[in-house]
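Accompanying notes for the structure given below.
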Amino acid sequence: MNILFVLNSIYSNGNGLAASARRTVEALKRAGENVRILSGPNPNPDGPQPEYALKDFYFPIFEPIIVAQGYKFASTDIRIVEEAVRWADVVHMQEPFVLQTRTAKIARRLGKPITGTYHLHPENILYSISFGGWKWPNQVLLNFWRDKCFNKWDIVQCPTLNVKERLMANGFTSDLRVISNGVIPDECIRVPHKNRPFIVSYIGRISGEKDQKTLLEAMKYCSHAKDIQLMFVGHGPQEKKIRKMAENLYTSGVLAYQPIFSFMERNGLRKLAAKSDLCIHCAIVEVEGLSIMEAMQQGAVPVIASGPITGTDQFALDDRSRFKQKDARELAGKIDWWLDNPDRMEAVRSEYVREMEAYSIDKSVSELQKMFRDAAGVK
């Protein structure tokens, strides 16, 4: 089938949505599908470019905030959009923005089926401008996306059951299918170690909704704080603030090891996860959580925040790997429990590795292929 992926910037770095889309496109191609991309350009002129490349769109005033989130928007060139849609058997939307609404109008006019993926909640956006915790603006945006985008598409991929339940409760009427974004089936390269310090990692964009702040606050209540090397991997708008908090914990003596901040490509992340004792995920807002899934694939034991709009805690095998979102004391207690029980921590690593086998991207792609064929009426 000819499948057109539509998103604003598939080659953005530090953007989980773009990274997931790139992986899915490559996996679909390996599975024999003909996939093309309608997107803004690759900022690296020597890298791959979309088959249908759109110019970048620059938002006055808000552009620095957008860039800090690892994101870019594309302009909508109707001539290019129509050329792309005419080629496609199925048009697949990765976002609920202007590019998608305009592309969908052309797709409907040309009789093309439309599918989409629910990749982000309104809160993922509004936390950037300090409205993430405000109910009414998030509800207004969710309703807008529902009416202008998702309910006009034939089938919508929900990466977790948590997403599907939220959409159903808010009047989304498209065919909603729970299909994980999936992880690349990498071999676990973990080498056991028993040396101090314990390595506790947080992999993800440093932003308000990812809530690295709670992990740092937990160190004040953690009896093993002086035995822990904190590793933060990622960039984002809250980076300066989180770095300062971490430095204060170190200089005040709460931490004996200075927290390390870095940004790594995929292979570096894999190596870090393979030597991490625990991997923490405090996100208040999360559709699925690719970073923690990849860490578990390397045997890092997770401790994951539970909340109404995060689906990531579904990966926790039991409550010792869950804590109530924003609850620093409970998180500290869970970290202490694992570090007080190293034998159990070592034993459970293989269970998490096996769990991630069920979320292989190859399985996800098989389900996506069925979704595309159902949308197109092809058996």
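On full extension, the segment bounded by Asn341 and Asn170 gains 57.3 nm, given 0.36 nm per residue less the C-alpha separation. For the peptides 240-250, 189-199, the ranking by mean Cβ contacts within 10 Å, running from highest to lowest, is 240-250, 189-199. Relative protection proxy for 356-362, 72-78, from highest mean packing down: 72-78, 356-362 (other beta-carbon atoms within 10 angstrom). For Lys363, no aspartates and glutamates have a Cα closer than 12 Å to its Cα, not counting residues fewer than 8 places off in the same chain. Taking a straight line from the alpha carbon of Lys240, these aspartates and glutamates sit under 20 Å away, with near neighbours fewer than eight places off in the same chain left out: Glu63, Glu209, Asp211, Glu217. You can think of it this way: the chain between Phe59 and Trp87 has 7.1 nm of extra reach, that is 0.36 nm per residue less the Cα-Cα gap. Simple spin-label estimate for Glu355 and Lys226 gives 3.3 nm between the two label positions (7 Å along the Cα-to-Cβ direction from each Cα). Under a 5 Å amide H cut-off, with hydrogens placed 1.01 Å from N, Asp56 pairs with Ser75 among residues at least 5 apart or on other chains.
In segment 198-357, the DSSP beta bridges split such that about 5 percent are antiparallel, to the nearest 5. The 3J(HN,Hα) values that the Karplus relation (6.51, -1.76, 1.60; θ = phi - 60°) gives for segment 212-219 are, in residue order, 4, 3, 5, 5, 5, 5, 4, 4 Hz. Gly and Pro appear as x.
Seen from Ser262, the other residues with C-beta closer than 13 Å to its C-beta sum to a net charge of 0, counting Lys and Arg as +1 and Asp and Glu as -1.
In terms of distances greater than 32 angstrom between alpha carbons, the cross-link table entries Lys226/Lys271; Lys244/Lys275; Lys72/Lys334 yield Lys72/Lys334. Distances between placed amide hydrogens fall under 5 Å for Val35 paired with Ile3, all partners being 5 or more residues away or on another chain. The listed peptides 113-122, 158-167, 344-353, ordered by packing as a protection proxy, come out as 113-122, 158-167, 344-353 (highest mean of other Cβ atoms within 10 Å first).
Given R0 = 30 Å, the distance between the Cβ atoms of Asn143 and Arg109 translates into a calculated FRET efficiency of 0.75. Once both labels are positioned 7 Å from their Cα atoms along Cα-to-Cβ, the gap between Val191 and Ala256 label points is 2.4 nm. Principal-axis analysis of the Cα atoms of the chain puts helix 361-376 at an angle of about 20° to the longest axis. Counting only Cβ charges, +1 for Lys and Arg and -1 for Asp and Glu, the dipole size of the chain around its Cα centre is about 520 debye. Calculated [222 nm] ellipticity per residue, helices only, for the chain: -12500 deg cm²/dmol; basis is -39500 (n - 2.57) per DSSP H run with n ≥ 4, divided by all residues, nearest 500.
For Met264 and Gln49, a Förster radius of 25 Å and the Cβ-Cβ distance give a FRET efficiency of 0.50, rounded to the nearest 0.05.
Backbone phi angles across segment 269-284, fed through the Karplus curve with coefficients 6.51, -1.76 and 1.60 (θ = phi - 60°), yield HN-Hα couplings of 4, 4, 5, 5, 4, 5, 10, 7, 6, 10, 10, 9, 9, 9, 3, 7 Hz in residue order; Gly and Pro are listed as x.
Summarising the strand pairing of the chain, around 5 percent of its internal DSSP beta bridges are antiparallel. Length gained on full extension, Glu367 to Arg102: 92.7 nm, using 0.36 nm per residue less the C-alpha separation.
Within the shell defined by Cβ-Cβ distances under 9 Å, the residues around Gln157 carry a net charge of 0, with Lys and Arg each +1 and Asp and Glu each -1. Along segment 183-198 the Karplus relation, 6.51 cos²θ - 1.76 cosθ + 1.60 evaluated at θ = phi - 60°, assigns HN-Hα couplings of 10, 5, x, 7, 6, 6, 10, 5, 10, x, 9, 10, 7, 8, x, 5 Hz to successive residues, with x for each Gly and Pro. With each label modelled as a point 7 angstrom along the Cα→C-beta vector, the Ile184-Lys240 pair spans 3.4 nm. Local charge for Ser9 was computed over the other residues whose Cβ lies under 10 Å away, with Lys and Arg +1 and Asp and Glu -1, and equals -1.
Any read-out appearing in this document is the output of simple, stated calculations on the displayed coordinates, not a laboratory observation. From a predicted model like this one, the values you see are computed outputs, not experimental measurements. Note that each Cβ is placed from the backbone with ideal geometry, even for glycine, and that neighbours are counted across all protein chains shown.
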